[in-house]
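Okay, structure first, notes after.
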Amino acid sequence: MGQNVVKREVKKGLELYELRKLESAIDEWNKALHRLNGAGDNPTKFVILGHVCCAYFDMGKYRCIITYARKQLEVAETIEQETEACLNLSRAYERLGEYSIAEEYCKKCLSRDTKDSKWVKYAFLLYGRLYFKQCQFYKGLKNLEEAKSFEKLSDDIAFRILVNISYGQFYTFVNDMETGCMYILKCIEILETNSDSYITKKFHKSIQLELAKIHLENSRLNEALDTCENVMKDAIESRDRQLQGECLYVFAEIHRRSRSFERASPRYESAYAIFTEIGDRYGLMQVLYGMAKTTCLQQDFDQAVDLFKKTLDAAQEIGNKMYAVKCCVNLIDLCDTGSIESTQSYEQLLDDLLEQMGLYCGVCSEAIGKTKEQLDMLPCCHLIHTRCACHLARYTWGRKEKMRPCPTCRKLSSSNPML
Ligand SMILES: [Zn+2]
Ligand SMILES: [Zn+2]
(Lines give C-alpha, C1' and ligand atoms only; values in the text may rest on other atoms or scores of the structure.)
(Ligands and ions follow the chains in the order given, each with its own letter.)
Protein backbone atom coordinates (compact mmCIF):
# COMPACT_ATOMS: atom_id res chain seq x y z
CA MET A 1 0.00 0.00 0.00
CA GLY A 2 2.65 2.50 1.17
CA GLN A 3 4.89 1.43 -1.70
CA ASN A 4 2.22 2.26 -4.24
CA VAL A 5 1.63 5.69 -2.76
CA VAL A 6 5.37 6.34 -2.91
CA LYS A 7 5.47 5.24 -6.55
CA ARG A 8 2.58 7.54 -7.38
CA GLU A 9 4.21 10.49 -5.64
CA VAL A 10 7.52 9.90 -7.41
CA LYS A 11 5.74 9.71 -10.76
CA LYS A 12 3.72 12.83 -10.07
CA GLY A 13 6.94 14.60 -9.11
CA LEU A 14 8.50 13.62 -12.42
CA GLU A 15 5.50 14.87 -14.37
CA LEU A 16 5.65 18.19 -12.55
CA TYR A 17 9.39 18.32 -13.17
CA GLU A 18 8.89 17.86 -16.89
CA LEU A 19 6.39 20.71 -16.81
CA ARG A 20 9.16 22.73 -15.11
CA LYS A 21 7.10 23.08 -11.92
CA LEU A 22 10.17 22.42 -9.88
CA GLU A 23 9.03 23.46 -6.43
CA SER A 24 5.87 21.35 -6.63
CA ALA A 25 7.93 18.42 -7.91
CA ILE A 26 10.25 18.71 -4.93
CA ASP A 27 7.22 18.81 -2.59
CA GLU A 28 5.96 15.52 -4.05
CA TRP A 29 9.35 13.87 -3.71
CA ASN A 30 9.73 15.11 -0.16
CA LYS A 31 6.36 13.56 0.67
CA ALA A 32 7.59 10.26 -0.72
CA LEU A 33 10.86 10.53 1.18
CA HIS A 34 8.96 11.23 4.36
CA ARG A 35 6.84 8.16 3.78
CA LEU A 36 9.98 6.08 3.29
CA ASN A 37 11.54 7.29 6.54
CA GLY A 38 12.47 4.34 8.68
CA ALA A 39 11.75 1.92 5.86
CA GLY A 40 14.73 0.12 4.42
CA ASP A 41 14.05 0.78 0.76
CA ASN A 42 17.36 2.46 0.07
CA PRO A 43 17.41 2.10 -3.72
CA THR A 44 14.14 4.06 -3.98
CA LYS A 45 15.35 6.68 -1.51
CA PHE A 46 18.53 7.02 -3.54
CA VAL A 47 16.64 7.64 -6.76
CA ILE A 48 14.28 10.19 -5.19
CA LEU A 49 17.14 12.08 -3.56
CA GLY A 50 18.79 12.18 -6.99
CA HIS A 51 15.64 13.72 -8.49
CA VAL A 52 15.55 16.39 -5.78
CA CYS A 53 19.20 17.29 -6.39
CA CYS A 54 18.51 17.58 -10.10
CA ALA A 55 15.59 19.96 -9.55
CA TYR A 56 17.63 22.12 -7.16
CA PHE A 57 20.37 22.29 -9.79
CA ASP A 58 17.88 23.65 -12.26
CA MET A 59 16.88 26.32 -9.74
CA GLY A 60 20.47 27.17 -8.81
CA LYS A 61 19.87 26.31 -5.15
CA TYR A 62 23.29 24.87 -4.48
CA ARG A 63 23.19 24.88 -0.69
CA CYS A 64 20.03 22.75 -0.79
CA ILE A 65 21.79 20.30 -3.09
CA ILE A 66 24.54 19.82 -0.52
CA THR A 67 21.95 18.80 2.09
CA TYR A 68 20.21 16.31 -0.19
CA ALA A 69 23.35 14.98 -1.86
CA ARG A 70 24.83 14.26 1.59
CA LYS A 71 21.72 12.26 2.45
CA GLN A 72 22.04 10.55 -0.91
CA LEU A 73 25.67 9.66 -0.19
CA GLU A 74 24.67 8.07 3.13
CA VAL A 75 22.07 5.94 1.39
CA ALA A 76 24.45 5.26 -1.50
CA GLU A 77 27.02 3.69 0.77
CA THR A 78 24.56 0.92 1.65
CA ILE A 79 23.87 0.08 -1.99
CA GLU A 80 27.33 0.83 -3.42
CA GLN A 81 26.27 3.67 -5.69
CA GLU A 82 28.43 6.42 -4.31
CA THR A 83 29.55 7.78 -7.67
CA GLU A 84 26.37 9.64 -8.51
CA ALA A 85 26.09 11.17 -5.03
CA CYS A 86 29.75 12.26 -5.07
CA LEU A 87 29.22 13.82 -8.45
CA ASN A 88 26.22 15.78 -7.20
CA LEU A 89 28.22 17.02 -4.23
CA SER A 90 31.15 17.91 -6.45
CA ARG A 91 28.96 19.85 -8.90
CA ALA A 92 27.27 21.77 -6.10
CA TYR A 93 30.58 22.67 -4.45
CA GLU A 94 31.88 23.80 -7.83
CA ARG A 95 29.03 26.27 -8.14
CA LEU A 96 29.62 27.47 -4.58
CA GLY A 97 33.24 28.22 -5.48
CA GLU A 98 34.60 25.58 -3.10
CA TYR A 99 36.91 24.07 -5.65
CA SER A 100 39.14 21.99 -3.38
CA ILE A 101 36.15 20.23 -1.76
CA ALA A 102 34.65 19.72 -5.21
CA GLU A 103 37.93 18.18 -6.35
CA GLU A 104 37.90 15.75 -3.43
CA TYR A 105 34.47 14.41 -4.39
CA CYS A 106 35.48 14.27 -8.04
CA LYS A 107 38.52 12.23 -7.10
CA LYS A 108 36.27 9.84 -5.19
CA CYS A 109 34.13 9.33 -8.30
CA LEU A 110 37.11 8.35 -10.37
CA SER A 111 38.69 6.11 -7.76
CA ARG A 112 35.46 4.28 -7.01
CA ASP A 113 33.95 3.50 -10.27
CA THR A 114 36.28 3.66 -13.19
CA LYS A 115 34.29 1.22 -15.26
CA ASP A 116 30.94 2.94 -15.18
CA SER A 117 31.44 5.36 -18.05
CA LYS A 118 28.00 6.84 -17.45
CA TRP A 119 29.34 8.81 -14.48
CA VAL A 120 33.08 8.71 -15.06
CA LYS A 121 32.79 10.89 -18.14
CA TYR A 122 31.00 13.50 -16.04
CA ALA A 123 33.78 13.33 -13.46
CA PHE A 124 36.37 14.17 -16.16
CA LEU A 125 34.18 16.98 -17.40
CA LEU A 126 33.83 18.35 -13.91
CA TYR A 127 37.56 18.05 -13.25
CA GLY A 128 38.16 20.04 -16.40
CA ARG A 129 35.74 22.75 -15.31
CA LEU A 130 37.26 22.90 -11.84
CA TYR A 131 40.75 23.43 -13.25
CA PHE A 132 39.49 26.11 -15.61
CA LYS A 133 37.85 27.99 -12.74
CA GLN A 134 41.24 27.99 -11.02
CA CYS A 135 42.96 28.92 -14.28
CA GLN A 136 45.01 25.75 -14.49
CA PHE A 137 44.30 25.63 -18.18
CA TYR A 138 46.62 22.82 -19.21
CA LYS A 139 45.16 20.43 -16.64
CA GLY A 140 41.69 21.64 -17.51
CA LEU A 141 42.14 20.91 -21.20
CA LYS A 142 43.65 17.49 -20.47
CA ASN A 143 40.56 16.48 -18.50
CA LEU A 144 38.19 18.00 -20.99
CA GLU A 145 39.89 16.06 -23.79
CA GLU A 146 39.42 12.94 -21.70
CA ALA A 147 35.71 13.76 -21.35
CA LYS A 148 35.51 14.48 -25.06
CA SER A 149 36.79 10.99 -25.88
CA PHE A 150 33.54 9.70 -24.33
CA GLU A 151 31.52 12.21 -26.33
CA LYS A 152 32.12 10.34 -29.57
CA LEU A 153 30.85 7.10 -28.12
CA SER A 154 28.00 8.67 -26.23
CA ASP A 155 24.41 9.19 -27.22
CA ASP A 156 23.97 11.22 -24.05
CA ILE A 157 22.91 14.53 -25.61
CA ALA A 158 23.11 16.44 -22.32
CA PHE A 159 26.71 15.34 -21.90
CA ARG A 160 27.66 16.31 -25.45
CA ILE A 161 26.18 19.75 -24.92
CA LEU A 162 27.94 20.21 -21.60
CA VAL A 163 31.30 19.25 -23.12
CA ASN A 164 30.88 21.74 -25.95
CA ILE A 165 29.66 24.51 -23.63
CA SER A 166 32.75 23.95 -21.48
CA TYR A 167 35.07 24.28 -24.48
CA GLY A 168 33.15 27.35 -25.61
CA GLN A 169 33.47 28.95 -22.18
CA PHE A 170 37.16 28.12 -22.01
CA TYR A 171 38.03 29.68 -25.38
CA THR A 172 35.90 32.74 -24.64
CA PHE A 173 37.64 33.11 -21.29
CA VAL A 174 41.09 33.11 -22.91
CA ASN A 175 39.84 35.62 -25.48
CA ASP A 176 39.59 33.39 -28.53
CA MET A 177 36.05 34.41 -29.46
CA GLU A 178 36.03 32.68 -32.82
CA THR A 179 36.75 29.22 -31.44
CA GLY A 180 34.50 29.89 -28.44
CA CYS A 181 31.66 30.81 -30.78
CA MET A 182 32.26 27.73 -32.90
CA TYR A 183 31.69 25.48 -29.89
CA ILE A 184 28.53 27.31 -28.83
CA LEU A 185 27.16 27.04 -32.38
CA LYS A 186 27.92 23.34 -32.22
CA CYS A 187 25.73 23.15 -29.09
CA ILE A 188 22.89 24.81 -30.99
CA GLU A 189 23.35 22.29 -33.79
CA ILE A 190 23.23 19.35 -31.38
CA LEU A 191 20.11 20.80 -29.77
CA GLU A 192 18.39 21.31 -33.11
CA THR A 193 18.88 17.71 -34.15
CA ASN A 194 17.64 16.49 -30.78
CA SER A 195 14.04 15.37 -30.50
CA ASP A 196 13.75 15.30 -26.71
CA SER A 197 11.80 18.43 -25.79
CA TYR A 198 12.88 18.13 -22.17
CA ILE A 199 16.57 18.42 -23.19
CA THR A 200 15.75 21.35 -25.46
CA LYS A 201 13.96 23.18 -22.64
CA LYS A 202 16.76 22.47 -20.22
CA PHE A 203 19.66 23.65 -22.36
CA HIS A 204 18.25 26.19 -24.78
CA LYS A 205 18.48 29.11 -22.36
CA SER A 206 22.00 28.41 -21.10
CA ILE A 207 23.32 28.07 -24.65
CA GLN A 208 21.62 31.34 -25.62
CA LEU A 209 23.22 33.03 -22.63
CA GLU A 210 26.66 31.90 -23.80
CA LEU A 211 25.82 33.35 -27.18
CA ALA A 212 24.83 36.65 -25.54
CA LYS A 213 28.18 36.72 -23.76
CA ILE A 214 30.02 36.21 -27.06
CA HIS A 215 28.00 39.06 -28.65
CA LEU A 216 28.97 41.18 -25.67
CA GLU A 217 32.68 40.43 -25.97
CA ASN A 218 32.52 41.13 -29.69
CA SER A 219 30.87 44.51 -28.93
CA ARG A 220 27.62 43.54 -30.63
CA LEU A 221 25.69 45.11 -27.79
CA ASN A 222 22.23 45.17 -29.38
CA GLU A 223 22.38 41.49 -30.26
CA ALA A 224 23.67 40.74 -26.77
CA LEU A 225 20.77 42.69 -25.27
CA ASP A 226 18.09 40.99 -27.41
CA THR A 227 19.45 37.51 -26.75
CA CYS A 228 19.83 38.14 -23.05
CA GLU A 229 16.31 39.55 -22.72
CA ASN A 230 14.88 36.33 -24.11
CA VAL A 231 16.98 34.24 -21.76
CA MET A 232 15.87 36.37 -18.81
CA LYS A 233 12.20 35.75 -19.62
CA ASP A 234 12.88 32.05 -19.68
CA ALA A 235 14.93 32.21 -16.48
CA ILE A 236 12.14 33.99 -14.61
CA GLU A 237 9.54 31.57 -15.89
CA SER A 238 11.57 28.54 -14.89
CA ARG A 239 12.66 30.13 -11.59
CA ASP A 240 16.30 29.56 -12.37
CA ARG A 241 18.06 31.88 -9.93
CA GLN A 242 21.53 31.18 -11.31
CA LEU A 243 20.52 32.15 -14.80
CA GLN A 244 18.64 35.23 -13.56
CA GLY A 245 21.81 36.37 -11.80
CA GLU A 246 23.92 35.74 -14.88
CA CYS A 247 21.49 37.62 -17.12
CA LEU A 248 21.50 40.62 -14.79
CA TYR A 249 25.28 40.56 -14.84
CA VAL A 250 25.31 40.50 -18.65
CA PHE A 251 22.77 43.37 -18.75
CA ALA A 252 25.01 45.35 -16.42
CA GLU A 253 28.04 44.66 -18.61
CA ILE A 254 26.14 45.76 -21.73
CA HIS A 255 25.18 49.05 -20.06
CA ARG A 256 28.68 49.62 -18.69
CA ARG A 257 30.15 49.14 -22.13
CA SER A 258 27.66 51.56 -23.64
CA ARG A 259 28.60 53.89 -20.79
CA SER A 260 25.12 54.17 -19.31
CA PHE A 261 26.33 53.76 -15.77
CA GLU A 262 23.01 54.66 -14.15
CA ARG A 263 21.57 51.54 -15.77
CA ALA A 264 24.58 49.33 -15.12
CA SER A 265 24.87 49.90 -11.37
CA PRO A 266 21.42 48.68 -10.21
CA ARG A 267 21.81 45.58 -12.40
CA TYR A 268 25.16 44.78 -10.87
CA GLU A 269 23.55 45.19 -7.46
CA SER A 270 20.66 42.85 -8.29
CA ALA A 271 23.06 40.26 -9.69
CA TYR A 272 25.17 40.63 -6.54
CA ALA A 273 22.12 39.99 -4.37
CA ILE A 274 21.18 36.84 -6.28
CA PHE A 275 24.71 35.43 -6.26
CA THR A 276 24.89 36.10 -2.51
CA GLU A 277 21.58 34.32 -2.03
CA ILE A 278 22.62 31.21 -3.97
CA GLY A 279 26.24 31.32 -2.78
CA ASP A 280 27.84 31.61 -6.22
CA ARG A 281 31.27 33.02 -5.38
CA TYR A 282 32.48 33.01 -8.96
CA GLY A 283 29.49 35.13 -9.96
CA LEU A 284 30.15 37.49 -7.06
CA MET A 285 33.74 37.96 -8.15
CA GLN A 286 32.67 38.80 -11.70
CA VAL A 287 30.09 41.31 -10.49
CA LEU A 288 32.59 43.00 -8.17
CA TYR A 289 35.01 43.36 -11.06
CA GLY A 290 32.30 44.92 -13.21
CA MET A 291 31.42 47.35 -10.42
CA ALA A 292 35.09 48.27 -10.04
CA LYS A 293 35.41 48.93 -13.77
CA THR A 294 32.26 51.08 -13.66
CA THR A 295 33.49 53.30 -10.83
CA CYS A 296 36.80 53.58 -12.64
CA LEU A 297 35.07 54.84 -15.78
CA GLN A 298 33.11 57.27 -13.62
CA GLN A 299 36.50 58.49 -12.38
CA ASP A 300 35.75 57.70 -8.78
CA PHE A 301 39.25 56.33 -8.32
CA ASP A 302 39.29 55.85 -4.55
CA GLN A 303 36.16 53.74 -4.75
CA ALA A 304 37.58 51.87 -7.75
CA VAL A 305 40.73 50.98 -5.82
CA ASP A 306 38.61 49.65 -2.96
CA LEU A 307 36.52 47.56 -5.32
CA PHE A 308 39.48 46.16 -7.23
CA LYS A 309 41.09 45.19 -3.91
CA LYS A 310 37.86 43.50 -2.86
CA THR A 311 37.66 41.66 -6.19
CA LEU A 312 41.29 40.62 -5.86
CA ASP A 313 40.51 39.11 -2.44
CA ALA A 314 37.48 37.32 -3.84
CA ALA A 315 39.49 35.96 -6.79
CA GLN A 316 42.27 34.73 -4.55
CA GLU A 317 39.85 33.14 -2.12
CA ILE A 318 38.39 30.91 -4.81
CA GLY A 319 41.70 30.60 -6.66
CA ASN A 320 40.81 32.29 -9.94
CA LYS A 321 44.14 33.60 -11.17
CA MET A 322 42.90 35.32 -14.32
CA TYR A 323 40.65 37.72 -12.40
CA ALA A 324 43.43 38.26 -9.87
CA VAL A 325 45.70 39.22 -12.79
CA LYS A 326 43.09 41.62 -14.17
CA CYS A 327 42.77 43.29 -10.76
CA CYS A 328 46.54 43.68 -10.38
CA VAL A 329 46.80 45.25 -13.84
CA ASN A 330 44.02 47.72 -12.98
CA LEU A 331 45.49 48.55 -9.58
CA ILE A 332 48.89 49.21 -11.14
CA ASP A 333 47.25 51.45 -13.75
CA LEU A 334 45.44 53.36 -11.00
CA CYS A 335 48.76 54.36 -9.46
CA ASP A 336 48.88 57.48 -11.66
CA THR A 337 45.65 58.78 -10.14
CA GLY A 338 47.25 58.98 -6.69
CA SER A 339 44.60 56.70 -5.18
CA ILE A 340 47.15 54.03 -4.46
CA GLU A 341 50.45 54.40 -2.64
CA SER A 342 52.65 51.63 -3.87
CA THR A 343 52.19 49.14 -6.68
CA GLN A 344 55.24 47.04 -5.81
CA SER A 345 53.28 44.26 -4.13
CA TYR A 346 50.84 44.08 -7.06
CA GLU A 347 53.66 43.92 -9.57
CA GLN A 348 55.19 41.03 -7.69
CA LEU A 349 51.84 39.27 -7.40
CA LEU A 350 51.18 39.80 -11.09
CA ASP A 351 54.49 38.13 -12.03
CA ASP A 352 53.77 35.19 -9.71
CA LEU A 353 50.25 34.73 -11.03
CA LEU A 354 51.31 34.83 -14.67
CA GLU A 355 53.96 32.24 -13.96
CA GLN A 356 51.50 29.99 -12.10
CA MET A 357 49.00 30.15 -14.95
CA GLY A 358 51.67 29.33 -17.52
CA LEU A 359 49.41 30.67 -20.21
CA TYR A 360 52.04 31.45 -22.81
CA CYS A 361 52.25 30.65 -26.46
CA GLY A 362 55.04 28.10 -26.83
CA VAL A 363 56.17 29.66 -30.09
CA CYS A 364 56.33 33.43 -29.46
CA SER A 365 56.33 33.26 -25.61
CA GLU A 366 53.74 36.01 -25.37
CA ALA A 367 50.97 35.70 -22.78
CA ILE A 368 47.75 34.24 -24.17
CA GLY A 369 44.43 35.98 -23.55
CA LYS A 370 45.71 39.56 -23.34
CA THR A 371 44.11 40.45 -26.65
CA LYS A 372 41.44 38.76 -28.77
CA GLU A 373 43.22 36.16 -30.77
CA GLN A 374 42.59 32.77 -32.30
CA LEU A 375 44.36 29.82 -30.70
CA ASP A 376 45.33 26.30 -31.68
CA MET A 377 45.53 23.44 -29.25
CA LEU A 378 48.29 20.92 -29.93
CA PRO A 379 47.58 17.22 -29.27
CA CYS A 380 49.47 17.49 -25.95
CA CYS A 381 46.93 20.20 -24.85
CA HIS A 382 49.40 23.11 -25.02
CA LEU A 383 48.13 26.23 -26.73
CA ILE A 384 49.73 28.35 -29.41
CA HIS A 385 48.45 31.37 -31.34
CA THR A 386 47.00 30.34 -34.68
CA ARG A 387 49.21 33.00 -36.27
CA CYS A 388 52.25 31.26 -34.75
CA ALA A 389 51.42 27.85 -36.22
CA CYS A 390 53.29 28.65 -39.44
CA HIS A 391 56.40 29.59 -37.45
CA LEU A 392 56.22 26.32 -35.58
CA ALA A 393 55.84 24.48 -38.87
CA ARG A 394 58.88 26.28 -40.31
CA TYR A 395 60.83 25.49 -37.17
CA THR A 396 60.14 21.79 -37.63
CA TRP A 397 60.85 21.99 -41.35
CA GLY A 398 62.03 18.72 -42.87
CA ARG A 399 60.09 16.62 -40.39
CA LYS A 400 57.05 16.43 -42.57
CA GLU A 401 56.47 12.73 -42.29
CA LYS A 402 57.91 12.49 -38.83
CA MET A 403 56.88 13.38 -35.34
CA ARG A 404 57.32 17.05 -34.51
CA PRO A 405 57.83 18.44 -31.00
CA CYS A 406 55.56 20.81 -29.06
CA PRO A 407 57.69 23.87 -28.19
CA THR A 408 56.45 23.83 -24.57
CA CYS A 409 56.69 20.21 -23.46
CA ARG A 410 58.71 18.75 -26.37
CA LYS A 411 56.12 16.04 -26.74
CA LEU A 412 56.26 14.68 -30.26
CA SER A 413 53.23 14.38 -32.44
CA SER A 414 52.67 13.97 -36.14
CA SER A 415 49.61 16.24 -35.76
CA ASN A 416 51.65 19.28 -34.81
CA PRO A 417 51.64 21.97 -37.52
CA MET A 418 53.65 21.40 -40.66
CA LEU A 419 54.35 23.25 -43.86
ZN1 LIG B 1 52.35 32.98 -30.33
ZN1 LIG C 1 53.03 20.39 -25.27
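The C-beta contact set for region 33-49 (first residue over 19 Å from E15 (Cβ atoms), second residue modelled with pLDDT under 90 and not in a helix (DSSP H, G or I), distance under 7 angstrom, 6+ apart or interchain) comprises F46/Q81.
Considering region 371-394, the residues that are out of contact with any helix residue (DSSP H, G or I) (no Cβ under 8 Å at 6 or more places or on another chain) and among the charged types (D, E, K, R) include one that is farthest from ligand 1 (Cβ to nearest atom), namely R394. Can you list the helices (runs of 4 or more DSSP H) lying wholly within region 258-374 that have 2 or more residues being surrounded by fewer than 16 Cβ atoms within 10 Å (Cβ to Cβ)? In region 258-374, the matching helices (runs of 4 or more DSSP H) lie at 261-278, 301-318, 321-333, 344-357. Taking region 397-419 as the range and being surrounded by 15 or more Cβ atoms within 10 Å (Cβ to Cβ) and either away from ligand 2 (no atom under 13 Å from the Cβ) or at pLDDT 80 or above (or both) as the test, the residues that pass are R399, P405, C406, P407, T408, M418. Selection of region 343-362 for residues being touching a helix residue (DSSP H, G or I) at 6+ places or on another chain (Cβ under 8 Å) and away from ligand 1 (no atom under 16 Å from the Cβ) yields T343, Y346, E347, L349, L350, L353, Q356.
Residues that are buried (at least 19 other Cβ atoms within 10 Å of the Cβ) and either more than 23 Å from the chain's Cα centre (by Cα) or more than 10 Å from ligand 2 (Cβ to nearest atom) (or both) within region 377-388 comprise H385, C388, listed in sequence order. Of the residues examined, I368 is one that is within 16 Å of ligand 1 (Cβ to nearest atom) and β-branched (V, I, T). Filtered by the rule that a residue be within 15 Å of E178 (Cβ to Cβ), within 14 Å of ligand 2 (Cβ to nearest atom) and out of contact with any Pro (no Cβ under 8 Å at 6 or more places or on another chain), region 357-376 gives I368, L375.
Given the criteria out of contact with any helix residue (DSSP H, G or I) (no Cβ under 7 Å at 6 or more places or on another chain) and touching a residue at least 12 places away in the same chain (Cβ under 8 Å), does D313 qualify? No. Residue pairs whose Cβ atoms lie under 6 Å apart, separated by 6 or more positions or on different chains, with the first residue in region 176-203 and farther than 19 Å from D234 by Cβ and the second part of a helix (DSSP H, G or I) and of a type in the set (D, E), are M177/E217. Once region 191-235 is narrowed to residues that are closer than 15 Å to F57 by Cα and of a type in the set (A, V, I, L, M, F, W, C), the residue that is nearest to the chain's Cα centre (by Cα) is F203. Among the residues in region 104-112, are any in contact (Cβ under 8 Å) with a residue 24 or more places away in the chain and either surrounded by fewer than 20 Cβ atoms within 10 Å (Cβ to Cβ) or not in a helix (DSSP H, G or I) (or both)? Yes; the residues of region 104-112 include at least one that is in contact (Cβ under 8 Å) with a residue 24 or more places away in the chain and either surrounded by fewer than 20 Cβ atoms within 10 Å (Cβ to Cβ) or not in a helix (DSSP H, G or I) (or both).
Scanning region 247-278 for residues being under 23 Å from Y17 (Cβ atoms) and touching a helix residue (DSSP H, G or I) at 6+ places or on another chain (Cβ under 6 Å) gives a total of 3.
Of all residues in region 403-415, those that are in a loop (DSSP other than H, G, I, E, B) have Cβ atoms under 8 Å from Cβ atoms of residues that are basic (K, R), 6 or more apart or on another chain, in S414/K402; S414/R404. Only residues that are touching a residue at least 24 places away in the same chain (Cβ under 8 Å) and more than 21 Å from R257 (Cβ to Cβ): list them for region 204-242, please. H204, K205, S206, I207, D234, A235, E237, S238, R239, D240, R241, Q242 - these are the residues of region 204-242 that are touching a residue at least 24 places away in the same chain (Cβ under 8 Å) and more than 21 Å from R257 (Cβ to Cβ).
The values are calculated or read from the model by the stated rules, or taken from the named source; none is laboratory data. Because the structure is predicted, anything quoted here is derived from the model rather than measured. Glycine also receives a Cβ, built like all others from the backbone with ideal geometry; neighbour counts cover every protein chain displayed.
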